[in-house]
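Input: a single structure, listed below in structure tokens.
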Amino acid sequence: MIKLKIFFKIIISISIITMTTINVTKSQTIQFPVDYVNTSMGNISHLLVPTFPTIHLPNSMLRVYPERSDHTGDLLHGLPVVVTSHRGSSAFNLSPFQGAENDIKSVINYSYDLEKSTPYSYSVYLDNQQILVNYGLSHQAARYEITFENSKESYLILNSRNGEIIWDGKAISGYQNLANNTKVYIYLEPQRQPETVLTFRNNELIKGNNAQGNNASLVLKYRKGEQLNPINYGISFIDVKQAELNMNREVRKKNVKDLQKEGRNIWNKALGKFSVESDSRNDKTVFYTSLYRCYERPVSISEDGRYFSAFDGKVHDDKGREFYTDDWIWDSYRAHHPLRILTDPDKEEDILQSFLLMAEQMDNYWMPTFPEITGDSRRMNSNHAVASFIDAHRKGLKKFNLNSAFLASKNAITQKTLAPWSGKPAGKLDQFYKVNGYFPALKDGEKETIPEVSSFEKRQPVAVTLGTSYDEWCLSEIASVLGKTEEKNYFKQKSFNYRNLFNPKTDFFHPKDKEGLFIEPFDYRFSGGIGARNSYGENNGWTYRWDVQHNIADLITLMGGRQKFIQNLNDLFSTPMGRGKREFYTQLPDQTGNVGQFSMANEPSLHIPYLYNYVGQPWKTQKRIRKLLKDWFRNDLMGVPGDEDGGGMSSFVVFSQLGFYPVTPGLPIYNIGSPVFKKSEIHLQNGKKFTVIAKNASVENKYIQSAKLNGETWNKPWFTHNVIINGGTLEFQMGDKANKTWGSATVHSPSSFTL
């Protein structure tokens, strides 16, 4: 009997091993999610720099990437220590060096080879110097292990571009000035003590343990052949002492291998909130790389329960909730914040709470628009944080004060100027908007006289009018929740202000002068100057033709009904650029990734391919989405079409590959596209699971033939957030030819303006 049990155990074990092997071979699931991440994807693009090979943990303060002219640059500019924004340069540079003392510079430019970068690790061989570098990091501290392969005299150089650094006999500490009275501090401790400490004066090396000013540098000199391993450091936005505490807490008792192992586990946990099945490694790589990009910002700057806020220049107790900043809301409200509601709702609540704290800490109680490490830079146009608050509330997130969000948002929209890239109080243009319901454009040749208008960014009158109309719809929705009936009605009425710039003769949103006359003559492709900023913002009139996210049903009516709307959408994708690429992109450098006049490279375009769902042609949404993903988001150096903005665009890819997208943040619904994966699962924080099954899905089989939701026939090209959060299964039968009847009925069109 015992032998029989053993026999059956052996048979069962062999069966399990066999089944696992078959599964691994068939679905290629042998690797963990982080192994699919390609940090180099999109490091080069048409004009702008979309991505960097950033090494960091999810939403963590410490971020680094190799500093060079571009991804194919031949020389590394020292070794990175910390970048303070997702597109910034390193605040400090670390340069190991062997050779003649008179060849030492503040930052060494290295020839390099054998570079390997993952989200949690970095290694490189500095071939001329014959130095091997290995790097691992935590949230606020990191360790370099540096191996010299020859026996020349050894040096370690630390450079601060604008600050002060000091050797205290044990470690280098100091800071770099950033902006707005904000400093980043460092505490760096080599294991071995130097023989001599030097600094630069008048471009000559002299003995000294203190350096300050531009390119402040200290040089630690070691004996011939002496190894420096390891080099630990911590960073802080509070002070040097906190940087040392961060280092001791996170890396002192760990080697690089330990840090890399921990980092790998952290990334797998974050990325593992989604599981996807596909025969295409490239599709998985695009998905998980895009998801990794969505964790690049915002960043938590809480340090042992405290944080420095550039919004008031003070150190605060975080009261048990991490404080987040570096969130470019004009980009991120569209899909980045909605994605985080699915993946990290608690974190999203803390991020929104951070916005409220920023508003309290600034001189005026105004919601931030572009919060960074150094404060609110007030970039771009509109005040879209309000959209993230109503979207989160509608989707069940409650751990923030909605009334405070309403007041701070209302103040930002009514008390701060609507002029782009400005934090000045409201002025004449804002009073004009309040009375007339649109932001006025200058006539050709008319000089600007309004002081709050940027000389480069201009008025962007159509973009401001449309964006503010959406923001005011969000305000009306929050007012409705709060029972503020008068304000609900007031802002609801103002949410229709986009109508004031609609030209019924052309079906475009057209800039008007202060007399209420459309600017003529006008070319929707090329009028408006650089970036079309005299009229729109970064994109031309063809993109802003669709910028009424909150009331697409009304936009359809304005254009004359479904067939006219469809024709206008078709024209967007088929109308030629009108000029050669050099001339087109010289004027509109942000509007790359073109399909006709459609630009895949800039955030105001992200919702447009889903608009066919609203007019009975979801099959065209399916076709468009698949082709856009295939053409513009690829597993290669140029695999991102434009300015990715640290998750702003990548979140579109994540949603679209899963098969759905939040067209209107503030309405708790998702538009259905075309799922790329045969099966994908979202592992929700509440313990439930939402599954999307796309039977027969492939490159050819991109069209939905039929659908079921939790086993019941589903004919709508959209569904609500509750469908996801309650768990369940959305199942599609896919085919290579469009089923033009599925989802086409008028009664099945997605909700617009209200649910």
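Using alpha carbon centroids, what distance separates the stretch 234-268 and the stretch 33-69, in Å?
Between the Cα centres of the stretch 234-268 and the stretch 33-69 lies a distance of 20 Å.
Grab the DSSP H runs of the chain that are 4 residues or longer, score each as -39,500 (n - 2.57), total them, divide by all residues and round the 222 nm result to the nearest 500 deg cm²/dmol.
Computed mean residue ellipticity for the chain: -9000 deg cm²/dmol.
Give, to the nearest whole percent, the P(r) tail of the stretch 342-473 beyond 23 angstrom, counting all Cα pairs.
34 percent
Scan [x] 1.46; [y] 0.95; [z] 1.00 for the value of Rg/Rh (Cα atoms, Kirkwood Rh) calculated from this model and give just the label.
It is the value labelled [z].
Applying the Karplus parametrisation 6.51 cos²θ - 1.76 cosθ + 1.60 with θ = phi - 60° to the phi angles of the stretch 708-718, what ³J(HN,Hα) value in whole Hz is obtained for each residue in order, glycine and proline being reported as x?
Calculated HN-Hα couplings, in order: 9, 10, 6, x, 9, 4, 10, 10, 9, x, 7 Hz.
Once you order the gyration tensor axes a ≥ b ≥ c over the Cα atoms, which shape class does the stretch 260-375 get: rounded for a/c under 1.5, otherwise prolate or oblate by comparing a/b with b/c?
It is prolate, given that a/c is not under 1.5 and a/b is the larger ratio.
In terms of modelled amide H atoms, which long-range or inter-chain residues lie less than 5 Å from the amide H of Ala171?
For Ala171, no residues qualify.
So which trypsin sites (Lys or Arg not before Pro) in the stretch 247-313 pass both tests, a DSSP loop state and at most 13 other Cβ atoms within 10 Å of the Cβ?
Lys253
Give the longest segment of the chain that steers clear of GluC sites (Glu not before Pro) in DSSP loops with at most 13 neighbouring Cβ atoms within 10 Å, not counting the sites themselves. Walk me through the numbers before you get to the answer.
Working: sites that count: Glu149, Glu195, Glu446, Glu448, Glu515, Glu700.
Longest site-free region, per DSSP loop and neighbour criteria: 196-445.
Give the shape of the stretch 75-266 as rounded, prolate or oblate, defined through the alpha-carbon gyration tensor: a ≥ b ≥ c are the square roots of its eigenvalues, a/c under 1.5 means rounded, and otherwise the shape is prolate if a/b is larger than b/c and oblate if not.
Rounded.
By counting other Cβ atoms within 10 Å of each Cβ, how are Thr54, Thr465 ranked from fewest to most?
Thr54, Thr465
Answer rounded, prolate or oblate for the stretch 276-342, using the Cα gyration tensor with square roots of eigenvalues a ≥ b ≥ c: rounded when a/c is under 1.5, else prolate when a/b is larger than b/c, else oblate.
prolate
Could you tell me the distance between the Cα centroids of the stretch 173-206 and the stretch 620-678, to the nearest Å?
About 44 Å separates the Cα centre of the stretch 173-206 from the one of the stretch 620-678.
Give me a comma-separated list of calculated 3J(HN,Hα) values for the stretch 742-751, in order, Karplus coefficients 6.51, -1.76, 1.60 applied at θ = phi - 60°, integers in Hz, x for any Gly or Pro.
With coefficients 6.51, -1.76 and 1.60, one gets 5, x, 8, 5, 4, 5, 9, 5, x, 5 Hz.
Pull up the DSSP beta bridges for the chain and report the antiparallel fraction as a percent, rounded to 5. Could you put the intermediate results ahead of the total?
Details: 111 of 117 bridges.
Of all bridge pairs located within the chain, approximately 95 percent are antiparallel.
If you average the alpha carbon positions of the stretch 108-171 and of the stretch 522-567, how far apart do those two centres end up, in angstrom?
50 Å
Taking θ as phi - 60°, what are the ³J(HN,Hα) couplings along the stretch 56-67 by the Karplus curve (6.51, -1.76, 1.60), each to the nearest whole Hz, with x for Gly and Pro?
Values per residue, Gly and Pro as x: 5, 9, x, 6, 8, 5, 8, 10, 9, 7, x, 9 Hz.
In this model, which of Lys410/Lys627; Lys116/Lys284; Lys269/Lys737; Lys269/Lys630; Lys105/Lys253 are farther than 29 Å apart at the alpha-carbon?
Those over the limit are Lys410/Lys627; Lys269/Lys737; Lys105/Lys253.
Count neighbours as other Cβ atoms within 10 Å of each site's Cβ, and list the trypsin sites (Lys or Arg not before Pro) in the stretch 529-637 that are DSSP loop with at most 14 such neighbours. Don't skip to the end; give the middle numbers.
Numbers: sites: Arg533, Arg545, Arg562, Lys564, Arg579, Lys581, Arg582, Lys620, Lys623, Arg624, Arg626, Lys627, Lys630, Arg634; in loops: Arg533, Arg545, Arg579, Arg634.
Counting only loop positions with at most 14 other Cβ atoms within 10 Å, the trypsin sites (Lys or Arg not before Pro) in the stretch 529-637 are Arg579.
For the Cα atoms of the chain, what angle does the longest principal axis make with the long axis of helix 256-271, in degrees from 0 to 90, nearest 10?
10 degrees
DSSP loop trypsin sites (Lys or Arg not before Pro) in the stretch 687-749 with at most 14 other Cβ atoms within 10 Å of their Cβ, which ones?
Counting only loop positions with at most 14 other Cβ atoms within 10 Å, the trypsin sites (Lys or Arg not before Pro) in the stretch 687-749 are Lys688, Lys737, Lys740.
Any read-out appearing in this document is the output of simple, stated calculations on the displayed coordinates, not a laboratory observation. Everything numeric in this text was worked out from a predicted model, so none of it was measured. Virtual Cβ from ideal backbone geometry, glycine too; neighbours counted across all protein chains shown.
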